[in-house]
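> Below is a structure I'd like to ask you about.
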Amino acid sequence: MAIVVNMPRLSDTMEEGTVAAWLKNVGDKVEEGDILAEIETDKATMEFESFNEGTLLHIGVAEGDTAPVDVLLAIIGEEGEDISGLLNGSAAPVEVKEEHAAQTEAVSEVTPAASSEPTEIPEGVEVITMPRLSDTMEEGTVAAWLKKVGDTVEEGDILAEIETDKATMEFESFYSGTLLYIGIQEGESSPVDEVLAVIGPAGTDVDAVLKGGASGAATSAPSEEKKTGKPTETKTEAPAATVSANDGQRIFASPLAKKIAKEKGVNLADVKGSGDHGRIVKKDIENYQPAVQTATPVAATPEVSTSNAVAASPIINLPVGQEGTEEVKNSQMRKVIAKRLSESKFTAPHYYLNIEVDMSDAIASRKKINNLPETKVSFNDMVVKACAMALKKHPQVNTTWGDAAMIYNQHVHIGVAVAVPDGLMVPVLKFADQMSLTQIGASVKDLAGKARNKKIAPTEMEGSTFTVSNLGMFGITDFTSIINQPNSAILSVGAIVEKPVVRNDEIVVGNTMKVTLACDHRTVDGATGAQFLLTLRSYLENPVTMLA
């Protein structure tokens, strides 16, 4: 029976996709797990695998063409099957199934919709799913449960601490009742909308609730019966396939993982799966490193010749230790840092400009400012203020690259990089050009404190148009940073160093600071970046101009 495969939504922001390449032709046999095509989204080019078996009967979007999500991409069915009704829209109403994997595929079948309806959730029972706590959150990790099964929960109680891609946030209950079920254990990760917990009256049959999948509850999709009558698994990353290990145990692996393992010659029995119930997925194969077998050192026994009077060489005792490694699971924040910085480095053509700034007047000015009652500013605050004012004079640096047009930001929102135990956060000072030095200092201190305590709101880390990263407090004199997209530039600030300088034809002791500007060459040309740095230097070397 023919199945219509639609353009899938492969990312949370994807609205249309471009077929970069078809890996199957019309008439080819397709197995479940075969790669049908490579589809270019707004974020990456991804392999799109089939969840169905049959013959590829029709291709709806040719290579190089772009189509919106849910538009007909292909039709798979039995060889010689008549699909004219599907193409001209005259066929009977079709059922749309959604299969959730690393790719989300919408398919339509010619068969009528199933007559069985899901069991309704009993009154007073609430199925709670993994919440989307930030605009970019795709999955969350339960850092800690503050309630356990059997505990009474009141509306407003904190159920758990959930680690997102940006922060660890408290998740409170909107319902009252008894915590009947925990679906995601501490330390485990799960996509948004997976079952997190069930709350309801004590004694409720939780198994019936979870199997029922009542309408309106964001639970996992129920299994569908195939022609054989055997239920299919609900897919989380890719359709689960099983193979048998040498000892007879079953190994769960996605078809794509099996394909890559076969190409690389990897034995699936040696791979540890990170998917649900230990299922092996694509990333497990790509990250797999064969274990290095080390032989136990054996002391060699020297041979002594009885026919030679020369004494045997003394035995040298070499140090013998035990090798060891520790696997630390990547946090959501570390995953996002890796993803976004890689995208920035490999998509934006970076180049770097650096200058040395005389900070003597800045030191004197800061001392006078901090002598005022209830006033405290840092050198970093002065750098942020100088950057904000320089951006107003050089709007080209305050831009965002777009394929169709370059966006000139008329506002100045400066991100300030803050080191936290799990990585890096970038709180944003909104309208920094309109803030005084003391306002900048107070705001940076407040936001940095929230970031380190994991209490910062996602909205306080969004919307930057320029970024400042300062490692001067660690004694770093100069360094380069990766651009924080969608910004076009980032300034790296080093330590103030006391050293000999030439002033009025004499060698005197001076205080200098090196700064490096990383620019996206698509938006900021070299001369533009250089002019920005000259303006920045003039403000820092003459701080009174920032107070005028």
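The values are calculated or read from the model by the stated rules, or taken from the named source; none is laboratory data. Small disclaimer: the values here were computed from a predicted structure and weren't measured. Methodologically, a virtual Cβ is constructed for each residue, glycine included, from the backbone with ideal geometry; neighbour enumeration extends over all protein chains shown. These accessible areas exclude ligands, DNA and RNA; they are computed on the full protein's heavy atoms, side chains included. Shrake-Rupley method; radii C 1.70, N 1.55, O 1.52, S 1.80 Å.
> Provide the net charge surrounding residue 471, with neighbours chosen by a C-beta distance below 14 Å and charges set as Lys +1, Arg +1, Asp -1, Glu -1.
Once all neighbours under 14 Å are counted, the net charge is 0.
> Additional query: Can you sort 431, 346 by 1.4 Å-probe accessible area, starting with the largest?
Reading off the accessible areas and sorting them downward yields 346, 431.
> Using the Cα atoms of segment 330-370 to build a convex hull, what is its mean projected area in square nanometres?
5.9 nm²
> Got the relative contact order for segment 391-431 handy, in percent, Cα pairs under 8 Å and 6 or more residues apart?
With pairs under 8 Å counted, the relative contact order is 29 percent.
> Would you please give the FRET efficiency between residue 354 and residue 65, computed as 1/(1 + (r/R0)^6) with r the Cβ-Cβ distance and R0 = 51 Å, to the nearest 0.05?
The formula returns an efficiency of 0.65 here.
> What ranking do 45-56, 447-458 get when scored by the average of other Cβ atoms within 10 Å per residue, highest first?
45-56, 447-458
> Report the label-to-label distance for residue 192 and residue 334 in nanometres (one decimal), using points 7 Å from each Cα along the Cα→Cβ vector.
Going by the 7 Å Cα→Cβ label model, 2.4 nm.
> Calculate the radius of gyration of the Cα atoms of segment 482-548 to one decimal place, then report Dmax, the largest Cα-Cα distance, as a whole number, both in Å.
Cα only, segment 482-548: 14.9, 45 Å (Rg, Dmax).
> Roughly how many whole Å is it from the C-alpha centroid of segment 26-89 to that of segment 323-341?
35 Å
> Next up: Order 24-34, 78-88 from most to least packed using the mean count of other Cβ atoms within 10 Å.
Taking the mean over residues of other Cβ atoms within 10 Å, the ranking is 24-34, 78-88.
> With labels modelled as points extended 7 Å from the Cα through the Cβ direction, what inter-label distance (nm, one decimal) is found for residue 446 paired with residue 376?
Spacing of the two 7 Å Cα→Cβ label points: 1.5 nm.
> Could you please report the charge total around residue 266, scoring K, R as +1 and D, E as -1 over all other residues with beta-carbon less than 15 angstrom from its beta-carbon?
+3
> Please report the antiparallel percentage of the DSSP beta bridges confined to segment 399-548, to the nearest 5.
75 percent
> So, in nm, how far is label residue 23 from label residue 346 when the simple model puts each one 7 Å beyond its Cα toward the Cβ?
Each label point lies 7 Å from its Cα, and together they span 1.7 nm.
> Now for a different question. Note down the accessible area of residue 145, probe 1.4 Å, to the nearest 10 Å².
30 Å²
> May I ask for the net charge around residue 142, where only other residues with Cβ less than 10 Å from the Cβ of residue 142 are counted and Lys, Arg are +1 while Asp, Glu are -1?
Once positives and negatives cancel, what remains is -4.
> At q = 0.16, 0.18, 0.19, 0.26 Å⁻¹, what log₁₀ I(q)/I(0) does a Debye calculation on the Cα points of segment 428-513 give, no solvent, two decimals?
-0.83, -0.97, -1.03, -1.31
> Can you give me the pair-distance distribution of segment 347-467, C-alpha pairs, 5 Å bins, whole percents?
With 5 Å bins starting at 0, P(r) equals 2, 10, 17, 19, 20, 16, 11, 3, 1, 0, 0.
> Sorted by mean Cβ packing within 10 Å, highest first, what order do the peptides 436-446, 192-202, 264-274 take?
Listed from highest to lowest mean packing, they are 192-202, 436-446, 264-274.
> Give me the number: length gained by fully extending residue 264 to residue 361, i.e. 0.36 nm times residue separation minus the C-alpha to C-alpha distance, one decimal in nm.
Using 0.36 nm per residue and subtracting the Cα-Cα distance, I get 28.7 nm.
> Hey, if we sort 159, 318, 146, 210 by accessible area with the 1.4 Å probe, largest down, what's the order?
Sorted descending by solvent-accessible area, the residues read 318, 146, 210, 159.
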